[in-house]
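*Asks:* Have a look at this one.
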Amino acid sequence: MATAFKETLNSGKFVVTGEIGPPKGTNLEKTVHHIDLLKDKVDALNVTDNQSSVMRFPSLGTALLIKERGGEPILQMTCRDRNRMALEADLLFAYTRGIGNVLCLTGDSITVGDHKEAKAVFDLDSAQLLHMVRILESGKDLGENELDGAVKFCAGAIVTPEANPIEPQLIKFEKKVQAGAEFFQTQAIYDLDNFKKFMGYVRGLDKNIKILAGIVLLASARMAKYMNESVPGVFVPQALIDEMATAEKGKGVQKGIEIASRLIKQLKEEAICDGVHIMAIGREEVVPDILAAAGL
Amino acid sequence: MKAKGAFSPDIIAFCCAQSAYQAADTAGSMRIPYPENIRVIRVPCAGRVDVLHILRAFEKGADGVLVLGCHEEACRHLSGNVRAKNRVQKLNTLLQEVGIDGERVEMFTLAPNQGFRFARIANEINERIKELGPSPVK
Amino acid sequence: MIVAERKPLEDIKEMIAGYKKILILGCGTCVTICWAGGEKEVAVLSSQLRLASKKNGNELEILEDTIERQCEKELVEALKDKVQQVEVVLSMGCGAGVQTIAEIFPDTPVYPALNTKFVGMPEGEGIWVETCRTCGDCFLDKTGGICPIVRCAKGLLNGPCGGTNSGKCEVDPEKDCAWTLIYRRLEQQGRLDTMRKYYPPRNFQAVIRPGKVETLQA
């Protein structure tokens, strides 16, 4: 039985997903608040997995919380902290609790996070994790043992359309497609001309792959510059950096919402891709504003 | 004339035959005074001086060591002076590990006719080592 | 070759504290090449330890020797007379050398003067870099001779990851992204199909540690 998210992906509707970043601790008050704020406004909510290698409340636990509150979770799984056995076990559990969407990631390196002396696992990479999901669905595990009780997932991955150089990234993308990725959420997009070229390549490859463009809210010209210069695979055109600079003091986020909603509108109206994935990074409160401004 | 009880440093000066040794000779023949406690050892090139020579000098009671070679670009053996400079730098670390002040060893460059420069360097090092006192490993 | 680095002098002094007669033993193979534990380094360490002892007013007699290879039982056995004269052997060989000596002379403490770092090669004068992780399942035919286990921060077999940044690794802007290097090398050789293949999960137990190899010479 397909998950609600899978059905939405196949329905032809412009898909919108959001993101929940779990807390660093057991105080779930804010988390619950954000889930309740967003669950009915988006088609599904990603839950990050020790994002940026910062230890947090687990994605599996938060996904359960989303389910309990009536939302549709997408479980993010990285290969950094768990070996193949732990990943398989978590998927078995997730399936039994109705968590049927999973985003397969390699994971950020240990050194960028807050446990800099920890052992990095990386038993698998994202392509191997996708393959693993399909192997589990066939009734076996990676040790070639028969499973007592099946699983079924809607599995996706990420892609960075502005990676430079782009060719190795596309080779990896094709491997993920062959491994069975049904949908992709992209790294933050700001230049739609470049993005259209990327989508041209994707449609040429396979018309059934669903691509959700990553939308990251800009809050200031400084943030726009930083993202352009320091975040791998993110390109912010000078025009947007300049536009952010025109914002009055204290009105940076407003300007960011304007830009984000404009991007979303264009993506939808021109049917450039299949939807958007909104990453508010600490500003979950304004996601409804972005959606409203974009007419969603 | 030495004051009674004053510290007279034992300083070894490794002098390159192509430059420093001749400069020392020049200083001598021109009667330019330099400290008599500086012992000149002639080497074919500053690059011949090994860190071991300097470490062993300290083992044998030296208070300071000079390595004197040709100016940059003037080395007859192409880069002996550069090697000497790098070795003295490395030596600094080795000496610090043992608790010997790196100021006790230095490399200088000079030309064969620089009698005055030789004397000036010798006097400078002598004063410096007198200030630092006897080697801590004597 | 094995690349090692001498321990800080303070650590070595602590190890041999209280001993009056020691043997400092160098090795003529890998550690000679990487300037860590050859005949020269033995002489320098001896000189430093004598100076340090003098400074502290301690007695210390040092015997020095260097053998061709410390990881060879017969070569180490030949040191019997020298070892019998001392209280401690301070080995300037790699970990394999230290353990061989310890095995042959179990009554004598054998201490390591070096930290054995990695298997690698010289990149420039005085610079050695790690190139092989001794994973036991060599992948180099598939990556144009560039090892992703060593050079990719995540050890990926299907790279690159999303953190690759203009050919550099997200972990360190000075570090090359191994998979970008692999892409360029395979492109140069007209072998990009090799990179397009999917590689299944690694066998992390390819070498059961401690490793052992038994062969007959041809």
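Computed from the coordinates by the stated procedures, all read-outs in this text should not be read as laboratory data. Given the structure is predicted, the values throughout are model-derived calculations rather than measurements. Cβ: placed from backbone, ideal geometry, glycine included. Neighbour counts: every protein chain shown.
*Asks:* How much of the calculated P(r) for region C:133-196 lies past 20 Å, in percent of all Cα pairs? Please report the intermediate quantities before stating the final value.
*Replies:* Working: 442 of 2016 pairs.
Summing the P(r) tail past 20 Å for region C:133-196 gives 22 percent.
*Asks:* Quick one: if the Förster radius is 51 Å, what FRET efficiency do A:Thr96 and A:Glu229 give, using the C-beta to C-beta distance and rounding to 0.05?
*Replies:* Step by step, r from the Cβ atoms, then E = 0.70.
*Asks:* Just how many % of Cα pairs in the protein assembly as shown lie over 33 Å apart, if you round to the nearest whole percent?
*Replies:* Of all Cα-Cα pairs in the protein assembly as shown, 62 percent lie more than 33 Å apart.
*Asks:* Something else now. I want to make sure I understand the PRE zone here: with the label point 7 angstrom from the Cα of C:Lys40 toward its beta carbon, which residues in region C:8-26 have backbone N atoms less than 16 Å away?
*Replies:* Label zone hits: C:26.
*Asks:* Any chance you could list P(r) for chain A, counting all Cα-Cα pairs in 5 angstrom bins from zero, rounded to whole %?
*Replies:* Histogramming chain A at 5 Å steps yields 1, 5, 12, 16, 19, 18, 15, 9, 4, 1, 0, 0, 0 percent.
*Asks:* Quick check on chain C: helices-only [θ] at 222 nm, where DSSP H runs of length 4 and up contribute -39,500 (n - 2.57) each and the sum goes over total residues. Nearest 500, please.
*Replies:* Mean residue ellipticity at 222 nm (helix-derived): -8500 deg cm²/dmol.
*Asks:* Would you mind giving the average projected area, over all directions, of the Cα convex hull of region B:19-132 in nm² with one decimal?
*Replies:* Quarter of the Cα hull surface area: 6.6 nm².
*Asks:* Name the long-range amide H neighbours of C:Phe118: under 5 Å, sequence gap of 5 or more, or other chain; modelled H, no Pro or chain starts.
*Replies:* The list, which skips near neighbours in sequence, is C:Val3.
*Asks:* Further, regarding this structure: Compute the FRET efficiency between B:Arg76 and C:Asp107 as 1/(1 + (r/R0)^6), taking r as their Cβ-Cβ distance and R0 = 51 Å, and round to the nearest 0.05.
*Replies:* So, using R0 = 51 Å, E works out to roughly 0.40.
*Asks:* As a check on your grasp of the helix formula, calculate [θ] at 222 nm for chain A: sum -39500 (n - 2.57) over DSSP H runs of n ≥ 4, divide by the residue count, round to the nearest 500.
*Replies:* Taking each H run of at least 4 residues, the total per residue is -12500 deg cm²/dmol.
*Asks:* Still on this structure: Can you divide the C-alpha Rg of region A:157-272 by 2.2 N^0.38 Å and report the result to two decimal places?
*Replies:* That ratio works out to 1.12.
*Asks:* Would you mind calculating the gained length between C:Glu59 and C:Lys168 on full extension (0.36 nm times residue separation, minus the Cα-Cα distance), in nm to one decimal?
*Replies:* Here the answer is 33.9 nm.
*Asks:* If you don't mind, there's one more thing I want to ask. Within region A:36-64, find all residues whose amide N lies under 20 Å from a label point positioned 7 Å from the Cα of A:Ala4 along Cα-to-beta-carbon.
*Replies:* Correct set: A:36-48, A:59-64.
*Asks:* Continuing with the same structure: What distance in nm separates the simple spin-label points at A:Arg283 and A:Leu147, each placed 7 Å from Cα in the Cβ direction?
*Replies:* With each label point 7 Å from Cα toward Cβ, the separation is 4.0 nm.
*Asks:* At 25 °C and 0.890 mPa s, grab the translational diffusion coefficient of region C:2-118 from Stokes-Einstein with a Kirkwood Rh over Cα pairs, rounded to a whole number in µm² per second.
*Replies:* Rounded to a whole number, D works out at 178 µm²/s.
*Asks:* Please report, in Å, the Rg and the Dmax of region C:50-165, where both are computed over Cα atoms only.
*Replies:* For region C:50-165, the Cα-based Rg and Dmax read 20.7, 60 Å.
*Asks:* Using the count of nearby Cβ atoms within 10 Å as a rough guide to exposure, how do A:Asp206, A:Asp148 rank from fewest to most? Mind showing how you got there, number by number?
*Replies:* On the way: A:Asp206 10, A:Asp148 6.
Lowest count first: A:Asp148, A:Asp206.
*Asks:* OK, next. If a/c stays under 1.5 just call it rounded; otherwise compare a/b with b/c (prolate if a/b is bigger, oblate if not). Do that for region A:52-152, with a ≥ b ≥ c from the square roots of the Cα gyration tensor eigenvalues.
*Replies:* Values: a/c = 2.31, a/b = 1.21, b/c = 1.91.
Judged from the Cα gyration tensor, region A:52-152 comes out oblate (a/c at least 1.5, b/c at or above a/b).
*Asks:* Provide A:His277, A:His131, A:His34, B:His71 in ascending order of the number of other Cβ atoms located within 10 Å of each residue's Cβ, fewest first.
*Replies:* Going from least to most buried by this count: B:His71, A:His34, A:His131, A:His277.
*Asks:* So how strong a dipole does chain B carry about its Cα centre when Lys and Arg Cβ are +1 and Asp and Glu Cβ are -1, to the nearest 20 debye?
*Replies:* Working: 19 positive and 15 negative charges, 61 e Å.
Around 300 debye, computed over chain B.
*Asks:* Within a 10 angstrom radius of the beta carbon, how do B:Met107, A:Met132, A:Met55 rank from fewest other beta carbons to most?
*Replies:* Placing the least packed residue first, the sequence is A:Met55, B:Met107, A:Met132.
*Asks:* Follow-up question, since we're still on this one. In nm, give the distance between the simple-model label positions of A:Leu28 and B:Leu52, each being 7 Å from the Cα along the Cα-to-Cβ direction.
*Replies:* 7.0
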